[in-house]
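Coordinate-derived values only; no laboratory data. Here the structure is a predicted model, which is why all the values come from computation and not from measurement. Because the Cβ atoms are built from the backbone with ideal geometry, glycine has one as well, and the counts that use them run over all protein chains shown.
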Amino acid sequence: MNTKPGSPVNDVCALTAQQLRRYKEDGFVVLRGVFQQDEVDRAAKAAIRCVTGDHVTTAGDPYPSRATLYVLERHHVEEPEFGHFSSHPIVLDSVQTLLGCDAVMSTAVTYVKTPGAAGTGGDYQGSHPTAHQDYKTYHHAGSSVNWLFSIIPLVDLDERSGPLYVSPGSHKLTQATTQGCVRRVQRCGGDEIGPLVDTQLRRGDLLLMHMWTWHHGGANGSDRDRLGIYNKYRAINAPPACGPHLFTDRAHQVICYQGRSLLPNHSDIPITTARVLLQHREKFLMIRSDRRKEQQWHLPGGEPQEHDLTRRYDRCNLIDSVEIHVQDQLNLEIPWMTYLADFEHDGELCRVYAHPLEEDPPVQAAKGIQEGWFTVEEIGAMKSAGKLTGGYEPQAINLWLDDSYLRGIGQSKTRATGAT
Ligand SMILES: [Fe+2]
C-alpha cells in the first residue's frame, strides 16, 4: 500500500480551512466556479456524443426519449473531455485531503436526464420516500468504508432542471465500528435526518460529499437535458466490499494522477469464476471433487450465476453466486463476505472474497466433495507441489491477513434489502 489511513498525502490543498470545516460539519462542501465554461461545454457535448453510442445504460428507449435516464459508466471515462475532470488536480487534491490518503476512482458515472425525467429514488431500505445515502453493502462503489462523491454539474441545477438537495450533518448519524477484521456500518434511517436543503449547484461548481450524507436529486422539469458527472473516489486501502467495477485496460492507462493510475481495478477479460476464502482460527478451507477425480484443491465457489452477470447495475457483485455454490458444496450459509482481489488464471479472471467463520463452523460437505482445513504454510507447500487449481490462493491469504486494508461488509442485494 502507498499510505496508511490518515497519513498526509502532500502539501498541496485546494481546500481552505473553512471549507474543510464545512465538510466535516455538514458532510459536503461546494467549491463555486472551479471550472471554466469551455471545459464544461466540452464535457456536455461529449456526454451527448457518448449517450448516442454503444455503451450507454438505460431502461428506456434510445436517446433522446423524453423522461429518460441515460447512464455512462465505463468506456466514456477514456474520452479526454471526461478524463480531464477525473484526474483534475483540484478534484484530486481535495479528495485526497478529505479521505486522508491517496485516492483511486471506484465509479466514473455521467448522467443524462432528458426533460421530464424523475428525481432520484428513496432509501433502498424504505426509510425515506425520496432521499437516500449511497453507502450500500451491495453496491460496488458504495460498499467501500472510506469514499466520497465528486459531483460536477454540466448544467445549472436550478428549480426547473432539478436541484441537488442534501441534509447537512446527516453523515454524523451513521456510525461505524471495527469488529474483528472488518468495519461494520450502522446506517441511520431517513426518518432521523434533518431537512434537505438546495445546494444551488451551478455549472462550473464542484460538490464533494461524504459517503454517508443523505441527498436527493430533483426531477428535470425543464425543457433541456440535465447533465452531470457523478464520480466516486475511495481511499486506496479501502476496497469495495462487494467487489469493484472493472474499467477497461485502456482507461487504466489513460486516467492517471501524479504518475499513478486512478483505476487500479481493470480488465478486458471477463470474470468466469467467483470463490471465497473461508477462515477458521489459523486454517483455511479448501475443497476438491471426488466425482470429477480432481487431484488439485481449490477455494469453494464456481461459475457466476447468470443473474449476477446480467444485472443492469451492480454487475460486479458476485456474492449471491458464491453464496449459492457454498450452500451446495458445504451446506453452509454465509451472511456476508468481503472482496479481496481478482486473480488472472489461464486467461480468465477469478474474483475472490473472504469470510471469517465463528467457532466450530457447521460445514457439511456434499456427497462427492472432499473438504480440508489447511494452514498458510501447508497451502504454500501445496502450491509448490502443484496441488492448487488456481495457484493464487497464498496471495489471497496474504491480502486477507494484511491489516493495512480497511474492509467492510459485502452482501448480495437480495440479502441487503432484507428479502431473504
Ligand atoms: Fe445518490
Report summary line: The answer for VAL34, listing residues at least 5 apart or on another chain whose modeled amide H is closer than 5 Å to its amide H, is ASP205, LEU206
Requested in this report: Please give the net charge around GLU348, taking every other residue with its beta carbon less than 13 angstrom from that of GLU348, where Lys and Arg add +1 and Asp and Glu add -1.
Outcome: -3
**Report entry** Extension reserve of the ASP223-CYS256 stretch, reckoned as 0.36 nm per residue once the Cα distance is removed
**Finding:** 8.2 nm
Requested in this report: Set Lys and Arg Cβ to +1 and Asp and Glu Cβ to -1, take the dipole of the chain about its Cα centre, and tell me which of HIS216, HIS298, GLN279 lies farthest positive.
Outcome: HIS216
Requested in this report: Fewest Cβ neighbours within 10 Å first, please rank TYR353, TYR230 accordingly.
Outcome: TYR230, TYR353
Query raised in the report: What Kirkwood hydrodynamic radius, in Å, does the chain give when the mean of 1/r is taken over all pairs of distinct Cα atoms and then inverted?
Result: 22.5 Å
**Report entry** Phi to ³J(HN,Hα) by Karplus 6.51 cos²θ - 1.76 cosθ + 1.60 over segment 47-63, Hz, x for Gly, Pro
**Finding:** 4, 5, 4, 6, 6, 8, x, 7, 10, 9, 9, 7, 9, x, 7, x, 4
Report summary line: To the nearest 20 debye, the chain has a Cα-centred charge dipole, built from +1 on Lys and Arg Cβ and -1 on Asp and Glu Cβ, of 320 debye
**Report entry** For segment 177-221, diffusion coefficient by Stokes-Einstein and Kirkwood Rh (Cα), 10 °C, 1.306 mPa s, µm²/s
**Finding:** 114 µm²/s
Report task. Alpha carbons only, please: Rg and Dmax for segment 133-221, in angstrom. Result -> 14.5, 49
Report summary line: Residues whose modelled amide H sits under 5 Å from the amide H of ALA219, counting only those 5 or more places away in sequence or on another chain, are GLY119
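As a footprinting exposure proxy, order ARG203, ARG66 by other Cβ within 10 Å, with the fewest listed first.
The fewest-first ordering by Cβ neighbours comes to ARG66, ARG203.
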Requested in this report: Answer rounded, prolate or oblate for segment 163-286, using the Cα gyration tensor with square roots of eigenvalues a ≥ b ≥ c: rounded when a/c is under 1.5, else prolate when a/b is larger than b/c, else oblate.
Outcome: oblate
Query raised in the report: How would you classify segment 52-91 from its alpha-carbon gyration tensor, with a ≥ b ≥ c the square roots of the eigenvalues: rounded for a/c under 1.5, else prolate if a/b is greater than b/c, otherwise oblate?
Result: prolate
Query raised in the report: Hey, if you put +1 on the Cβ of every Lys and Arg and -1 on every Asp and Glu Cβ in the chain, which of PRO129, LEU262, ILE48 ends up farthest toward the positive end of that dipole?
Result: PRO129
Requested in this report: Using every pair of alpha-carbon atoms in segment 17-261, split the distances into 5 Å bins beginning at 0 and state the percent of pairs per bin, rounded to integers.
Outcome: 1, 6, 13, 18, 21, 19, 13, 6, 2, 0, 0
Requested in this report: Can you find, among VAL182, VAL29, ALA67, the residue farthest towards the positive end of the dipole of the chain? Put +1 on the C-beta of Lys and Arg, -1 on that of Asp and Glu.
Outcome: VAL29
Report task. Under a 10 Å cutoff between Cα atoms, tell me which one of GLY386, GLY408, GLY228 has the largest fluctuation in the Gaussian network model of the chain. Result -> GLY386
Query raised in the report: Can you work out ³J(HN,Hα) from phi for every residue in segment 275-280, in order, using Karplus 6.51 cos²θ - 1.76 cosθ + 1.60 and θ = phi - 60°, giving whole Hz and x for Gly and Pro?
Result: 9, 9, 8, 9, 10, 9
Query raised in the report: Helix-derived [θ] at 222 nm for the chain: sum -39500 (n - 2.57) over DSSP H runs of at least 4, divide by residue count, nearest 500?
Result: -6000 deg cm²/dmol
Query - segment 168-226 and segment 269-317: distance between their alpha carbon centers, rounded to Å - result: 34 Å
**Report entry** Charge dipole magnitude, Cβ of K and R +1, D and E -1 - segment 17-261, Cα centre, debye nearest 20
**Finding:** 460 debye
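Counting Lys and Arg as +1 and Asp and Glu as -1, what is the net charge of the other residues whose Cβ lies under 15 Å from the Cβ of ARG202?
-2
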**Report entry** Whole-angstrom Cα spans of segment 40-138 along principal axes, big to small
**Finding:** 41, 38, 22
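Length gain on complete extension for the stretch GLN200 to THR414, per 0.36 nm per residue less the alpha carbon to alpha carbon distance?
Length gained between GLN200 and THR414: 73.5 nm.
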Query raised in the report: Hey, what did segment 271-416 get for relative contact order, percent, Cα under 8 Å, at least 6 apart?
Result: 33 percent
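Using 1/(1 + (r/R0)^6) with R0 = 25 angstrom and r between the beta carbons of THR272 and ASP249, what's the FRET efficiency to the nearest 0.05?
Efficiency, from the Cβ-Cβ distance: 0.90.
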Report summary line: Under 5 Å from the placed amide H of HIS345, counting only residues 5+ away or on other chains, we find CYS350
**Report entry** segment 375-391 - phi-based ³J(HN,Hα) in whole Hz, Karplus 6.51/-1.76/1.60, Gly and Pro as x
**Finding:** 7, 4, 5, 5, 5, x, 5, 5, 5, 4, 8, x, 9, 10, 5, x, x
Report summary line: Residues other than GLY217 with Cβ under 10 Å of its Cβ, Lys/Arg counted +1 and Asp/Glu -1, net out at +2
Requested in this report: Please report the relative contact order for the chain, taking Cα pairs under 8 Å with a sequence separation of at least 6, and give it as a percent rounded to a whole number.
Outcome: 19 percent
Report summary line: For segment 271-416, shape from the Cα gyration tensor axes a ≥ b ≥ c, cut at a/c of 1.5 then a/b versus b/c, turns out rounded
